[in-house]
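Enquirer: The structure's right below; bear with me while I get my questions together.
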Amino acid sequence: MSESYEELEARYRAALNRVSEAYRALHEVMGDPKPIPPGEEPPVLTKAERDAQTEAMQALQEYVPLRDRYWATRWGREGNPSKS
């Protein structure tokens, strides 16, 4: 049995919130990105930084297909958004 639009929307919003929280936590742990000067090695990541990166990537990987299905379903119900 396929899920209803409301169930899909709830899953989409939960996934979006998870991605937002994961990237917020990643930014708190890693701070603002800084360019690596030429000839320098990238810094060694701590376990907390690696864990934050892993959570952010996992959240994003689960979110993207759900986002695509949600918007395809929504546009199917409401029509495509205007180009203006």
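The values are calculated or read from the model by the stated rules, or taken from the named source; none is laboratory data. Just so you know, these numbers come straight off a predicted model, no measurement behind them. Quick reminder, even Gly has a Cβ in these numbers, built from the backbone with ideal geometry, and neighbours come from all protein chains shown. Each accessible area value is taken on the protein alone, full model and side chains, heavy atoms only, with ligands, DNA and RNA left out. Shrake-Rupley method; radii C 1.70, N 1.55, O 1.52, S 1.80 Å.
Enquirer: Restricting to DSSP H runs of at least four residues, report the calculated mean residue ellipticity at 222 nm for the chain, -39500 (n - 2.57) per run over all residues, nearest 500 deg cm²/dmol.
Expert: -25000 deg cm²/dmol
Enquirer: Could you look at the chain and say what percent of its accessible area is carbon and sulfur, using a 1.4 Å probe and all protein chains? Numbers along the way, then the final one.
Expert: Numbers: 3740 of 6670 Å².
Carbon and sulfur atoms account for 56 percent of the accessible area of the chain.
Enquirer: For the chain, what is the charge dipole size about the Cα centre, in debye to the nearest 20, if Lys and Arg each add +1 at the Cβ and Asp and Glu each add -1 at the Cβ?
Expert: Working: 12 positive and 15 negative charges, 65 e Å.
Dipole of the chain, to the nearest 20 debye: 320 debye.
Enquirer: Please report the accessible area of E41 (heavy atoms, 1.4 Å probe, ligands and nucleic acids excluded) in Å², nearest 10.
Expert: 150
Enquirer: Taking the Cα-to-Cβ direction at K47 and at E9 and moving 7 Å from each Cα, how far apart do the two end points lie in nm?
Expert: Here the answer is 4.3 nm between the modelled labels.
Enquirer: So, one more: Apply the Kirkwood formula to the chain: the hydrodynamic radius equals the inverse of the mean of 1/r over all pairs of different alpha-carbon atoms; give it in Å with one decimal. Provide the component values of the computation, followed by the final result.
Expert: Working: mean 1/r = 0.0650 Å⁻¹.
For the chain, the Kirkwood estimate is 15.4 Å.
Enquirer: Can I ask one more? Taking loop as defined by DSSP and a crowding limit of 15 other beta carbons within 10 Å, which trypsin sites (Lys or Arg not before Pro) in the chain fit?
Expert: Details: sites: R11, R13, R18, R24, K47, R50, R67, R69, R74, R77, K83; in loops: K83.
Counting only loop positions with at most 15 other Cβ atoms within 10 Å, the trypsin sites (Lys or Arg not before Pro) in the chain are K83.
Enquirer: Taking the solvent-accessible surface of protein heavy atoms with a 1.4 Å probe, what is the per residue accessible area of the chain in Å²? Intermediate results must be reported in sequence, preceding the final value.
Expert: Values: 6670 Å² over 84 residues.
Result: 79 Å² per residue.
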